[in-house]
Amino acid sequence: MPFQFSDREIPGVKVIEYDRFDDPRGFFMETYREKEFAENGVAAPFVQDNYSHSVRGVLRGIHYQKNPFAQGKLVLVLKGEVYDVGVDIRRGSPTYGKWIGEVLSAGNRKMLYLPPGMAHGFCVLSEEVDFFYKVTADYAPDLDRGFAWNDPEIGIQWPISDPVLSDRDRRLPPLRQADNNYLYHQEG
């Protein structure tokens with residue numbers, strides 16, 4: 001089995017560790033196997049892959065896409081290192097407003113799965129990073145939203161204090177003022 005799945009304290013969030021096979025020619029690794037992911041609670045179909053490249057100090061986030069195009073995300077670092085964050089924004093969730101942070105790097109061989117209803121962001125810790133992610137819904141620009149990376153009510157403990165932000169991210173409101181239509185649906 002090339003993947004090991006670990007649940008986190010926020011419902012639906014998983015850290016996935018993967019195997020990588022190195023030899024003098026380079027390496028090989030699997031990044032996704034539908035059956036194995038479904039057996040471990042990640043059964044949503046992925047419909048789009050995205051790739052970004054960033055430099056040290058960049059912070060992207062905190063972003064989400066509203067219903068009916070809410071996106072689950074499977075995130076992976078191909079080169080470099082990030083501090084990756086997910087925030088539960090599902091109203092009615094026992095962990096609403098709580099966040100999880102995980103260092104993801106090419107070296108530690110970890111991925112993070114965030115179900116729909118989780119906002120996402122990351123900051124770059126290495127000189128450069130190549131960041132890859134799969135999503136469960138197509139990009140819908142009219143439903144793309146976000147909230148402030150430094151919202152004091154959320155209290156994310158970022159490992160950087162003065163990030164490089166886009167103009168859009170610099171203007172995002174706190175979560176309590178953000179446009180958010182997620183509701184928590186307990187499974188089981």
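For K35, the lysines whose Cα falls under 24 Å of its own Cα, not counting residues fewer than eight places away in the same chain, are K14, K73, K110, K134. Taking the Cα atoms of the chain, the ratio Rg/Rh between the radius of gyration and the Kirkwood radius comes to 0.95. Straight-distance candidates among the aspartates and glutamates for linking to K66, with alpha-carbon spacing under 19 Å and chain neighbours fewer than 8 residues away dropped: D49, D88, D138, D142, D144, D169, D179.
So what's the back-of-envelope 222 nm ellipticity for the chain, counting only DSSP H runs of four-plus at -39500 (n - 2.57) apiece and dividing by all residues, rounded to 500?
So the helix-based figure for the chain works out to -1000 deg cm²/dmol.
Normalised by the number of residues in the chain, the mean separation of alpha-carbon contacts (under 8 Å, six or more apart) gives a relative contact order of 28 percent. Taking amide H atoms as placed 1.01 Å from N in the peptide plane, the amide H of G41 has no partner under 5 Å among residues 5 or more positions away or on other chains.
For region 107-188, the Kirkwood estimate of the hydrodynamic radius, built from every pair of different alpha carbons, is 15.4 Å.
Computed over region 2-104, the convex hull of the alpha-carbon atoms projects to a mean area of 8.1 nm².
FYI, it's all coordinate maths here, none of it is from the lab. All values reported here derive from a predicted model rather than from experimental measurement.
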